[in-house]
Amino acid sequence: MNQVARGSLLGIEHLEAKEILSLLTQARRMNPLKPRPLLRNKRVLLLFYEPSTRTRASFEIAAKSMGAMTTLVLSSGSSIEKGESLLDTAYTLRAVGADVIVIRHPNAGAPLLMATHLDVPVINAGDGMHEHPTQALLDAYTILRHKKTLSGLQMAIVGDIFHSRVARSAIHLLSKFGARITLCGPPEFLPEVATSLAPGLHITRTVEEAVRGADAVMVLRVQKERLAGTKLRLQDYISRYQLTTARLKLAKRDAILMHPGPIIRGLELTWEVADCPQSVIVEEVHNGVPVRMAILAKALGKAN
Ligand code: CP
C-alpha cells in the first residue's frame, strides 16, 4: 500500500496517547474568538458525501478562524452525482489547490484510500461504521473540562454501539487512557465482537447496570430505520434503553451526560435529560471548534 499523506488524521485506533494529548493541549490554546492567521492562504476542502451539521460547520469555522479559505463540496449537486469516483474527485480537488481535505463518507476506509493517493493531508470526518476521530477528540476534550483525568473514568455508552463510529473512536481513545467502559444496548446493536474493540470492556443487559456509578454517560443516536430492522419495537426500545431522569440519577452526582448529536428527543433520551444541568451536549458542539482548529493546524504543520 502507498504511504499515508503526512499530517492525515484517519482514526484514533493507531494514534499514540502522546499524539492525542498533544492535540488536546493544542486545542486548549485555540480561541476562535481571537483569530490567529496560522492558516493564511491555505485552502481547506470540505468534502461531504453524507449529511452533517456539527462537523461541517465547526470545521468551516475552525478553518476560517485561522485565516484559511474553505470550499464545500457535497455529493449532491457535484460531479459525484454523475458517477465520478472517489479518487478522481480527490485528484480534482487537489488540482484546484486543496491543501487539506476533510472528508465524510458512508464507506469505511474512504479517507484512508484518499490519503494513500494524495500528497496532502486527509482528515476523517466520519467514515461508515469505522471511525469518527475528531468527535472522539472533542469528547475527550469535553470530559477533561469536567473531570481531572481519563484514567479510571467510569464511562457508560448506551444505544446502537454496532453501527456507531462515534462509539468505536471513543472506545479506542478512552481505553488508551485507562477508562473503564461499559456498553449497553439491544443485542442487535451490541454484538459479542464489541468486547474485542479494546481490553477491559464490559457489557451490561440493562441501562441501570451500565449507568450505576458512572462518571460520564454517553447516549448514542438510534436511527429508526435500523430499529425497524430488529425485533425491537420503538416503544420497547424507549422503555428499555431510553435515558430518563430516574436512570441518570443512578450515575455519580457529578456525572456528565454526553451525546454526539443529532439528538432525537423522546427516543434515545427524554427532553428533560437532554436539557438537564448535567447535559454537556451543547458544550460538546462548542468544543468541536477549538479541537478542529488544533487538528487542522497540526495537519498543515502549523501547530506550536
Ligand atoms: N456528531 C456529528 O458528527 O454530528 P453531524 O453529523 O451533525 O456532523
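Please treat every number below as a calculation from the coordinates, not as lab data. Computed from a predicted model, the values in this text were never measured in an experiment. Methodologically, a virtual Cβ is constructed for each residue, glycine included, from the backbone with ideal geometry; neighbour enumeration extends over all protein chains shown.
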Fill in the blank from the handout: Reduced to Cα centres, the span from the stretch 210-250 to the stretch 285-299 in Å works out to 30
Practice task
Rounded to whole Å and sorted largest first, list the principal axis extents of the Cα atoms in the stretch 50-91.
Solution key: 34, 21, 14
Problem - Estimated [θ] at 222 nm from DSSP helical runs (n ≥ 4, -39500 (n - 2.57)) normalised by residues in the chain, nearest 500 - result: -10500 deg cm²/dmol
Practice task
Collect residues whose amide H, placed 1.01 Å from N in the peptide plane, falls under 5 Å from the amide H of LEU183; neighbours closer than 5 in sequence don't count.
Solution key: ILE157, HIS202, ILE203, THR204
Practice task
Please report the base-10 log of the normalised intensity I(q)/I(0) for the stretch 146-279, using a Debye sum with one equal scatterer per alpha carbon and no solvent, at each q in 0.10, 0.21 (1/Å).
Solution key: -0.28, -1.32
Practice task
Give the percent of DSSP beta bridges with both residues in the chain that are antiparallel, rounded to the nearest 5.
Solution key: 5
Completion exercise
Computed about the Cα centre, the charge dipole of the chain from +1 Lys/Arg and -1 Asp/Glu charges at the Cβ has a magnitude in debye, to the nearest 20, of 920
Practice task
Provide, in order from the shortest bin, the percent of all Cα-Cα pairs of the chain in each 10 Å bin, continuing until the bin that contains the maximum pair distance.
Solution key: 6, 28, 34, 22, 9, 0
Fill in the blank from the handout: Residues whose modelled amide H sits under 5 Å from the amide H of VAL73, counting only those 5 or more places away in sequence or on another chain, are LEU46, LEU47, PHE48
Problem - Range in the chain, longest, excluding exposed trypsin sites (Lys or Arg not before Pro) [loop by DSSP; at most 13 other beta-carbon atoms within 10 Å] - result: 41-147
Handout entry: Links that overshoot a 24 Å alpha carbon limit, given the list LYS18/LYS147; LYS148/LYS249; LYS148/LYS176; LYS148/LYS252; LYS64/LYS147
Key = LYS64/LYS147
Problem - Amide hydrogen neighbours beyond the local backbone of SER8, cut-off 5 Å, H modeled - result: VAL122
Problem - Karplus-derived HN-Hα couplings along the stretch 125-132 (A = 6.51, B = -1.76, C = 1.60, θ = phi - 60°), whole Hz, x at Gly and Pro - result: 9, x, 10, x, 9, 7, 8, 9
Problem - Whole-Hz couplings from phi, Karplus 6.51/-1.76/1.60, listed for the stretch 222-232; x for Gly and Pro - result: 10, 8, 4, 5, 6, 4, 4, x, 10, 7, 7
